[in-house]
Structures are given as C-alpha cells and as structure tokens.
Amino acid sequence: MIINMEGLSYEDRLQSLELWSLEERINRQDLIEVFKMAKGMTRIGLQELFMLEEGIRGHSLKLAKMRCTRDCWRHFFLTE
C-alpha cells in the first residue's frame, strides 16, 4: 500500500499517482488491438469485425460505422 492514500477517492489516487483510469486503459487496449488487426499482427482480420470504406481521401484504412437494421435493441431492456 502506498503511504497517505488510504482516505483518498479513486480519482484522487489516480491523479496523485499520474495513472489512467480503468476506462481509459480499456479504450487504449482496444485501439492497440484494432491497430494490430489493421497491420496483420493478429489472426483476426480487420474485415471480420469492421467494414472498410473504399475511395476515402488520405488512406485506405478508414473504418465505417455499421448500423443495426434490426429492432432487437427495442427489446433489450426490460420494461415494467
């Protein structure tokens, strides 16, 4: 245990230790995995999880947003 950290909140401890929050670490790791997929460093191809847009200015690795066309999201949350 680090001295003088017992009474501090999670955010205060992160700030005093200059660490990233769990959410930021998860987002960073997700971006690293997408980069590895794009460069062919993993067994999973980029096309298996993402849709690539063709003919985009600048580079050929632009990811497209995939929209859900089904209404299953309407039934996801339970209603009373």
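The values are calculated or read from the model by the stated rules, or taken from the named source; none is laboratory data. Nothing here was measured: the structure is a model prediction, and the numbers come from that model. Neighbour counts are summed over all protein chains in view; Cβ atoms, including those assigned to glycine, are modelled from backbone coordinates with ideal geometry.
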- request: Test R67 against the stated conditions and say whether it is at pLDDT below 75 and part of a loop (DSSP other than H, G, I, E, B).
  value: yes
Taking region 43-59 and the residues there that are outside any helix (DSSP H, G or I) and surrounded by 10 or more Cβ atoms within 10 Å (Cβ to Cβ), the one that is modelled with the highest pLDDT would be I44
Scanning region 1-32 residue by residue, those among the hydroxyl-bearing types (S, T, Y) and loosely packed, with under 11 Cβ neighbours inside 10 Å turn out to be S9, Y10
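Among residues belonging to region 20-42 that are in a helix (DSSP H, G or I) and polar (S, T, N, Q), point out the one that is nearest to the chain's Cα centre (by Cα). Spell out the reasoning first.
Restricting attention to region 20-42, the residues satisfying the condition of being in a helix (DSSP H, G or I) are 22-39.
So of that shortlist, the ones also polar (S, T, N, Q) come out as 27, 29.
Numbers: N27: 4, Q29: 7 Å.
The qualifying residue nearest to the chain's Cα centre (by Cα) is N27.
Quick check: anything in region 6-19 modelled with pLDDT under 90 and over 30 Å from L63 (Cα atoms)?
Of the residues in region 6-19, the ones modelled with pLDDT under 90 are 6-7.
Pick out the ones that are also over 30 Å from L63 (Cα atoms) and you get 6-7.
There is at least one residue in region 6-19 that is modelled with pLDDT under 90 and over 30 Å from L63 (Cα atoms).
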